[in-house]
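Peer 1: Right, I'll just put the structure down here and ask away after.
The values are calculated or read from the model by the stated rules, or taken from the named source; none is laboratory data. Note that the structure is predicted; figures quoted are calculated from it, not measured. Backbone-built Cβ (ideal geometry, glycine too); neighbour counts: all protein chains shown.
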Amino acid sequence: MTVFTACSPHRTTKIPDSGIVSCDLDSIRERGKLVAVTDFNSTDYFIYKGDPMGFNYELLKSFSDDIGIDLEIIPENQPDKALQMLKTGEADLLAFNLSLDSSESKDIRYTVPIGETKQVLIQRKPRNWTSLSADLVDAKLIRSQSGLTGKTIYVPAGSSYAAQLISLGKETGKQINIIEVPFESEKLIKNVARGVIDYTICDENLALVNSTYFPVIDVNTPISLPHKITWSVRKNNSDKLLAALDRWMTTYKLTGSYALLYAKYFKNARSIAIVNSDFYALNTGKVSQYDDLIKKFSPSINWDWRLLASLICQESHFDPNVESYAGAFGLMQIMPDTGKNFGIDITSSPENNLKAGIRYIKWLSSIFSPKISDEKERINFILAAYNAGPGHVLDAMKLAEKNGMDPEKWNGNVALWLLKKSQPQYYNDSVVKSGYFKGIESVRFVSQILERYENYKNIIPDE
């Protein structure tokens, strides 16, 4: 996982004697990126067929789009670690489903509620449950909180579930054995379904989704009263961020888009097909059927295979037969003439299409390597040239240098001048050799590939 410092070094302050970092929306805008921590599971954040998905992910994207800045996600399933990231300034926003009446930290402030849920017991139905009546199944299951007496219940470490069980034990005066383990709720649910453990607890919305994956589990015994769930920001100096979140969330929850989004992740019959797919990356680490080929070729250009996969997803969404209106073909959308220049028939097989794409990237690298010393920066230029052609990118570099900007930096420098190449005063400049170009598509192309790559790194382990 890549660690990002959330607050601008010029606008961040540390509150004396507290260790709390504070920065608000102005600092976040100046940095140009909102950093959010969220959990990863089959509802909140995951990768499926190469695309980042999830209820929290899509909400965060909608909010970051609304305030007009990029989004960076840090995945973390342990609430105590996520809270620490928020407190220290590693993140701006905690997109966990926290209870309004919880006491996870005195250093946070809650957003308006994003929904409502309750905690429920996850238990396994009796062995022959399919042949029993509903009444007989119920008779063999725990159906009251008093039935927890003497039972051993596993919960995620740092979650609010242990506190709820301790409170129940005090109310009833009965002993409940609580074991906190460093696993997320979905892993514990799976272990209940497989008979590894007998009981766990999680929020009802996640439990109901998982009951479609594992029909053997029962999720119908409530452990708490219904409660509102929220996100959170730092307590200190986050007034503007909190106000923006509350204003956006209050409005967005009234839209049809929100209703569709909720149904997509919590009422979708296709969820089981997604989770059982070979390309549900949380289970398999795969983004496509061509992962092995991508891993085979990526070392030859010294790229992380996940970056190459993100480029291919952007170009073809892993469809080996797709053809653009301009005639670009296959996984890497190579023009036939480009393939011929490398002696490769790009239509003959997905592997040959990949070979041609790799050869093209090597050629682009030979152009930009002598000009851009920083390897990470160079990738921006190679990606832009993959979309725009090297001539337009070289023009933008010359315009940047002529106008006192850094020709070896992409964001805020060369990217800006590629955008300006659609204006006559710039595409007619004497340093420009390739003429008019509408650069917005190429700038977006680079941004989207790198954003998806970060999501891949969040979810899919490196080789």
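Peer 1: Restricting to the stretch 140-161, count the residues that are of a type in the set (A, V, I, L, M, F, W, C) and at pLDDT below 90.
Peer 2: 1
Peer 1: Just need a number here: residues in the stretch 297-320 that are loosely packed, with under 15 Cβ neighbours inside 10 Å and in contact with a helix residue (DSSP H, G or I) (Cβ under 9 Å, 6 or more places away or on another chain).
Peer 2: Total meeting the criteria: 3.
Peer 1: Could I ask something else about it? If SER103 satisfies every condition in (1) surrounded by fewer than 18 Cβ atoms within 10 Å (Cβ to Cβ); (2) at pLDDT 90 or above but one, which is the exception?
Peer 2: (2)
Peer 1: Tell me, which helices (runs of 4 or more DSSP H) lie completely within the stretch 386-463 with 1 or more residues that are hydroxyl-bearing (Ser, Thr, Tyr)? Even if it seems obvious, please write down each step before you answer.
Peer 2: Working: elements: 390-402, 415-420, 424-427, 440-459.
Because the criterion is at least 1 residues that are hydroxyl-bearing (Ser, Thr, Tyr), the helices (runs of 4 or more DSSP H) in the stretch 386-463 that meet it are 424-427, 440-459.
Peer 1: If TYR325 satisfies all but one of (1) more than 29 Å from the chain's Cα centre (by Cα); (2) buried (at least 21 other Cβ atoms within 10 Å of the Cβ), what's the number of the condition it fails?
Peer 2: TYR325 satisfies all of (1) more than 29 Å from the chain's Cα centre (by Cα); (2) buried (at least 21 other Cβ atoms within 10 Å of the Cβ) except (2).
Peer 1: Take the conditions at pLDDT 95 or above, outside any loop (DSSP other than H, G, I, E, B), touching a helix residue (DSSP H, G or I) at 6+ places or on another chain (Cβ under 8 Å) and not aromatic (Phe, Trp, Tyr) and apply them to SER366. Does it pass? Don't jump to the end; show me each part of the working.
Peer 2: Details: at pLDDT 95 or above: yes; outside any loop (DSSP other than H, G, I, E, B): yes; touching a helix residue (DSSP H, G or I) at 6+ places or on another chain (Cβ under 8 Å): no; not aromatic (Phe, Trp, Tyr): yes.
For SER366, the condition - at pLDDT 95 or above, outside any loop (DSSP other than H, G, I, E, B), touching a helix residue (DSSP H, G or I) at 6+ places or on another chain (Cβ under 8 Å) and not aromatic (Phe, Trp, Tyr) - is not met.
Peer 1: Still on this structure, please answer the following. Filter the stretch 369-383 down to the residues that are out of contact with any Phe, Trp or Tyr (no Cβ under 7 Å at 6 or more places or on another chain) and either among the polar types (S, T, N, Q) or in a helix (DSSP H, G or I) (or both) and list them by number.
Peer 2: Answer for the stretch 369-383, where residues must be out of contact with any Phe, Trp or Tyr (no Cβ under 7 Å at 6 or more places or on another chain) and either among the polar types (S, T, N, Q) or in a helix (DSSP H, G or I) (or both): SER369, SER373, GLU375, LYS376, ILE379.
Peer 1: Please go through the stretch 421-449 and pick out each residue that is surrounded by 17 or more Cβ atoms within 10 Å (Cβ to Cβ), among the aliphatic types (A, V, I, L, M) and within 13 Å of ALA396 (Cβ to Cβ).
Peer 2: Once the filter is applied, which keeps residues that are surrounded by 17 or more Cβ atoms within 10 Å (Cβ to Cβ), among the aliphatic types (A, V, I, L, M) and within 13 Å of ALA396 (Cβ to Cβ), the stretch 421-449 yields VAL432, VAL443, VAL446.
Peer 1: For GLN119, only one of the following conditions fails: (1) touching a Lys or Arg at 6+ places or on another chain (Cβ under 9 Å); (2) farther than 30 Å from LEU450 by Cα. What is its number?
Peer 2: (1)
Peer 1: Can you tell me which of LYS264, LYS253, LYS240, LYS228 is under 28 Å from LEU208 (Cβ atoms), touching a Leu at 6+ places or on another chain (Cβ under 9 Å) and not aliphatic (A, V, I, L, M)?
Peer 2: On the way: LYS264 fails: touching a Leu at 6+ places or on another chain (Cβ under 9 Å); LYS253 fails: touching a Leu at 6+ places or on another chain (Cβ under 9 Å); LYS240 fails: under 28 Å from LEU208 (Cβ atoms).
Just one listed residue meets the conditions, LYS228.
Peer 1: While we're on this one: Just to confirm my filter: which helices (runs of 4 or more DSSP H) fall fully inside the stretch 276-359 and include at least 1 residues that are of a type in the set (Phe, Trp, Tyr)?
Peer 2: The helices (runs of 4 or more DSSP H) meeting that bar are 291-297, 305-316.
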